[in-house]
Amino acid sequence: MEIKRIAECIWEIPPTEKEGMLVPARIYATEKLLREMDQGVFEQVTNVACLPGIQRFSYCMPDGHWGYGFPIGGVAAFDPETGVISPGGIGFDINCGMRLVRTNLTLQEVRPRIKELVDALFRSVPAGVGSKGMLKLSPGEFKEMTRLGARWCVERGYGWERDLERIEEYGCIKGADPEKVSDHALKRGIGQLGTLGSGNHYLEVQVARAAEIYDPQTANAFGIGDADQIFVMFHCGSRGFGHQVATDYLRVFDGAMKRYGITVRDRELACAPFRSPEGQDYYKAMACAANNAFANRQMILHRVRETFSQVFGRDAEALGMDVIYDVAHNIAKVERHRIDGGMKDVVVHRKGATRCFGPGREELPPIYRDIGQPVILGGSMETGSYVLVGTERAMEETFGSTAHGSGRTMSRAAAKRKVFGRDLQRSLEERGIVVKAVSMPGLAEEAGFAYKNISEVVEALECAGITRKVVGLKPIGNVKG
Amino acid sequence: MPYRYLEEVAIADVAFEAWGRDLGELFEAAALATFEVMVDLEGVESKVVKEIELENEEMDRLLYDWLSELVYLKDAEAMLFSRFQVRIKGDGRYRLRAEAMGEEIDQARHRLRADVKAVTYHLFYLKKTEEGYRARVVLDI
């Protein structure tokens with residue numbers, strides 16, 4: 001495959017590479033990351049370039065690896081009138097995302113009590129296969145929650161009014177219609193609100209070391225001040241509800257494509273015109289699942305605040321437990337972007353990719369509008385995570401999109417062969433990271449060596465200029481499903 | 001076991017190949033492979049019998065529906081299954097009648113592994129072979 005270097009960290013595959021490509025494919029990566037990417041990424045990013053109505057480029061971010069239909073790390077924007085929507089460009093875990101919460105606590109205060117804290121978080125935040133949600137909801141209440149997202153929780157006392165502006169889209173994607181959601185999805189999700197899930201989902205207690213505060217001024221604007229300050233970060237999505245919405249509509253789209261005369265190179269790229277009844281129904285159902293994920297993370301935040309209050313004997317306000325931001329990294333949204341000199345609405349798909357709006361965008365809350373959007377890049381439990389900030393360059397080049405994490409490089413089975421969960425837990429503890437997991441084999445599957453080096457991913461983003469590094473965060477406690 | 005996991009096919013997830021002399025056996029094998037991802041099957045007792053009926057015009061879509069239905073029951077009814085009996089009839093339209101045997105999830109007692117989010121169409125196939133039927137499935141974790 002012909003891959004041209006466009007800039008230090010931007011690579012392009014021209015549309016002549018594959019029959020049917022409507023636009024070039026662009027991969028953001030350092031040379032090292034590009035060389036290490038699996039062949040699936042190149043196949044998939046060029047397959048996406050063939051979908052009707054795609055605008056400018058089919059993108060893959062530096063943490064990219066193969067996914068279903070779209071690669072993980074894939075970004076594509078479609079014309080709403082002539083283009084498509086594809087569940088494969090969003091992923092099964094709709095609005096899987098990251099939330100970062102600050103505290104006034106320091107490492108000196110938390111370190112001596114970290115075991116107690118992780119135990120308490122493990123008890124208060126349900127995780128793993130078969131975990132039960134925090135609330136018993138009627139079908140009517142559940143549907144209302146999927147319309148309103150995080151606001152539904154805040155109105156019921158699970159959170160603060162000011163949490164909402166620190167969530168992408170203020171915690172609610174407009175246009176959600178629970179009538180477009182199957183009974184199966186409702187029944188699958190109704191008992192799971194406020195659960196973490198399993199796989200690569202986690203909740204972490206983290207610390208910002210002085211050496212890892214790269215941009216003190218921006219950090220300060222985000223509520224990150226002193227060295228050794230403690231944070232809570234969690235990664236989860238819409239749970240069974242979103243998985244079922246995706247499953248249902250993959251089936252619908254698999255059948256509908258014939259009607260619209262669309263052929264795709266991979267069954268997981270099933271799609272329908274955005275304006276078609278199927279496309280609109282899916283968008284409205286996807287918005288419900290996205291709102292469910294925002295609400296899910298809001299409920300988890302509520303429990304995290306309660307738990308910190310109990311352990312440290314001060315209320316969450318006094319502990320300064322404000323949300324820094326909440327980002328969605330599996331989603332499609334209608335956004336306005338500059339294309340060929342004019343502003344235009346496009347349906348941006350981000351799958352394992354994060355919105356990273358630069359300064360000045362009106363979607364950002366006043367507190368961040370002049371600075372740019374905080375971006376949360378979740379790393380493996382061993383290597384740590386990053387806070388970045390959106391740039392003008394991303395608005396010009398990538399529809400305001402960047403990477404989402406570190407990306408796997410080793411299979412789950414290979415990771416389990418390399419290390420036992422208990423040994424990993426012990427070795428992490430020796431390095432100052434206390435881990436509690438529902439499943440020990442599940443813990444081994446998530447070992448740090450199974451992932452790309454997240455710092456390399458961050459370097460690639462800086463080098464391309466689509467996000468800037470603000471702070472690096474290192475885990476001291478971790479809860480896993 | 002009438003199935004095997006394919007490691008290099010799905011780095012972030014789980015892929016398997018399953019087979020059987022007839023469609024019923026294949027569907028039983030695929031169901032076992034799906035639940036073994038989530039739990040040590042040895043520890044799951046057959047306390048509850050769940051009857052499932054499905055139909056589809058395509059045999060491969062019926063397999064997708066069958067595994068998706070089991071994943072749905074895992075969340076909606078908090079069930080784990082460790083034994084299956086599947087009968088499939090059909091000409092033109094495939095009809096499935098199955099019994100899934102298992103019990104409610106007990107986090108304290110069951111040796112749990114990774115949760116399955118969904119069944120995918122990635123590299124998915126179901127084909128007739130000389131010995132019977134064979135399928136490949138990738139599960140999203």
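May I ask you to work out the translational diffusion coefficient for the stretch B:3-140 at 25 °C, viscosity 0.890 mPa s, via Stokes-Einstein with Rh from the Kirkwood sum over Cα pairs, reported in whole µm²/s? Each step should come with its number before you reach the end.
On the way: Rh = 15.0 Å.
So the translational diffusion coefficient is about 163 µm²/s.
Going down the list A:Lys284/B:Lys50; A:Lys132/B:Lys47; A:Lys136/B:Lys74, which pairs span over 23 Å between their C-alpha atoms?
A:Lys284/B:Lys50
Using alpha carbon centroids, what distance separates the stretch B:94-141 and the stretch A:118-135, in Å?
26
Quick check: pseudo-label points 7 Å beyond the Cα along Cα→Cβ at A:Arg336 and A:Arg35, how many nm apart are they?
Simple spin-label model gives 4.5 nm for this pair.
GluC sites (Glu not before Pro) within the stretch B:1-86: which are DSSP loop residues with at most 15 other Cβ atoms inside 10 Å?
Answer by residue number: B:Glu45, B:Glu57, B:Glu58, B:Glu77.
Report the accessible surface area buried between chains B and A, summing both sides, using a 1.4 Å probe on protein heavy atoms only, in Å² rounded to the nearest 100.
Values: alone 7870 and 17310 Å², together 21770 Å².
Interface between B and A: roughly 3400 Å².
Please state, as a whole number in µm²/s, the translational diffusion coefficient that the Stokes-Einstein equation yields for the protein assembly as shown at 10 °C and 1.306 mPa s, with Rh defined as the Kirkwood radius across alpha carbon pairs.
Calculated translational D: 65 µm²/s.
If you average over every viewing direction, what projected area does the convex hull of the Cα atoms of the stretch A:195-285 give, in nm²?
Result: 9.6 nm².
Top to bottom by accessible area (1.4 Å), largest first, where do A:Leu135, B:Leu70 land?
A:Leu135, B:Leu70
Please report, in debye to the nearest 20, how large the charge dipole of the stretch B:3-140 is about its Cα centre when each Lys and Arg carries +1 at its beta carbon and each Asp and Glu carries -1 there.
On the way: 20 positive and 30 negative charges, 44 e Å.
Dipole of the stretch B:3-140, to the nearest 20 debye: 220 debye.
Set the Förster radius R0 to 56 Å, insert the Cβ-Cβ distance between A:Glu155 and A:Asp423 as r into 1/(1 + (r/R0)^6), and round the FRET efficiency to 0.05.
Working from the Cβ atoms, E equals 0.75.
May I ask you to derive the relative contact order of the stretch A:235-282, considering only C-alpha pairs under 8 Å and at least 6 residues apart, and to give it as an integer percent?
For the stretch A:235-282, the relative contact order is 31 percent.
I'd like the isolated cysteines in chain A, meaning no second cysteine's beta-carbon lies under 4.7 angstrom from theirs.
A:Cys50, A:Cys60, A:Cys96, A:Cys153, A:Cys172, A:Cys236, A:Cys271, A:Cys288, A:Cys356
Would you give the gap between the C-alpha center of the stretch A:188-226 and the C-alpha center of the stretch A:1-35, rounded to a whole Å?
Result: 32 Å between the Cα centres.
Which of the residue pairs A:Lys143/A:Lys436; A:Lys32/A:Lys351; A:Lys187/A:Lys480; A:Lys32/A:Lys174; A:Lys18/A:Lys174 have a Cα-Cα distance greater than 30 Å in the structure shown?
A:Lys143/A:Lys436; A:Lys32/A:Lys174; A:Lys18/A:Lys174
Counting other Cβ atoms within 10 Å, keep those with at most 15, restrict to DSSP loop, and tell me which chymotrypsin sites (Phe, Trp or Tyr not before Pro) in the stretch A:110-212 are left.
Details: sites: A:Phe122, A:Phe142, A:Trp152, A:Tyr158, A:Trp160, A:Tyr170, A:Tyr202; in loops: A:Tyr158, A:Trp160.
Hits after loop and neighbour filter: nothing returned.
Roll a 1.4 Å probe over the protein chains and send me the accessible area per residue for the protein assembly as shown in Å².
35
Helix B:59-76 sits at what angle to the longest principal axis of chain B, using alpha carbons and giving 0 to 90 degrees rounded to 10?
The angle comes out near 10 degrees.
What is the mean number of Cβ atoms from other protein chains located within 10 Å of the Cβ atom of each residue in peptide B:62-74, rounded to a whole number? Walk me through the intermediate numbers first.
Details: counts 0, 0, 4, 2, 0, 1, 7, 2, 0, 5, 10, 3, 4.
Average neighbour count from other chains, rounded to a whole number: 3.
For the protein assembly as shown, what does -39500 (n - 2.57) per DSSP helix run (n ≥ 4), summed and divided by total residues, give at 222 nm, in deg cm²/dmol to the nearest 500?
Working: 18 runs with 195 residues, N = 622.
Result for the protein assembly as shown, helices only: -9500 deg cm²/dmol.
Please give the charge dipole size of the protein assembly as shown, origin at the Cα centre, charges +1 on K and R Cβ atoms and -1 on D and E Cβ atoms. Round to the nearest 20 debye.
Working: 82 positive and 91 negative charges, 100 e Å.
Charge dipole of the protein assembly as shown: 480 debye, to the nearest 20.
Span-like helices, chain A: DSSP H, alpha-carbon axial extent 24 Å or more, mean Kyte-Doolittle 1.6 or greater, which ones? Each step should come with its number before you reach the end.
Numbers: long enough: A:239-259 (31 Å, -0.52); A:277-312 (52 Å, -0.44).
Result, helices passing both filters: zero.
Using Cα positions and a limit of under 17 Å, work out the aspartates and glutamates in reach of A:Lys258, with same-chain residues fewer than 8 apart set aside.
Filter leaves A:Asp266, A:Glu268, A:Glu278, B:Glu57, B:Glu58.
Contact order normalised by length for the stretch B:3-140, with contacts defined as Cα pairs under 8 Å and 6 or more residues apart; what percent is it?
33
Let's test the formula: R0 of 30 Å, r as the Cβ-Cβ distance of A:Lys136 and B:Glu42. What FRET efficiency results, to the nearest 0.05?
Efficiency, rounded to the nearest 0.05: 0.35.
What does the structure give for B:117-128 when I average, per residue, the other chain Cβ atoms found within 10 Å of the residue Cβ?
Values: counts 16, 11, 4, 10, 11, 9, 4, 3, 0, 0, 0, 0.
Taking the mean over all residues of the peptide, I get 6.
The values are calculated or read from the model by the stated rules, or taken from the named source; none is laboratory data. Note that this is a predicted model, so its numbers are computed, not measured. Counting neighbours? That spans all protein chains shown, and the Cβs are built from the backbone with ideal geometry, glycine included. We work out accessible area using only protein heavy atoms, side chains counted, and drop any ligands, DNA or RNA first. Shrake-Rupley method; radii C 1.70, N 1.55, O 1.52, S 1.80 Å.
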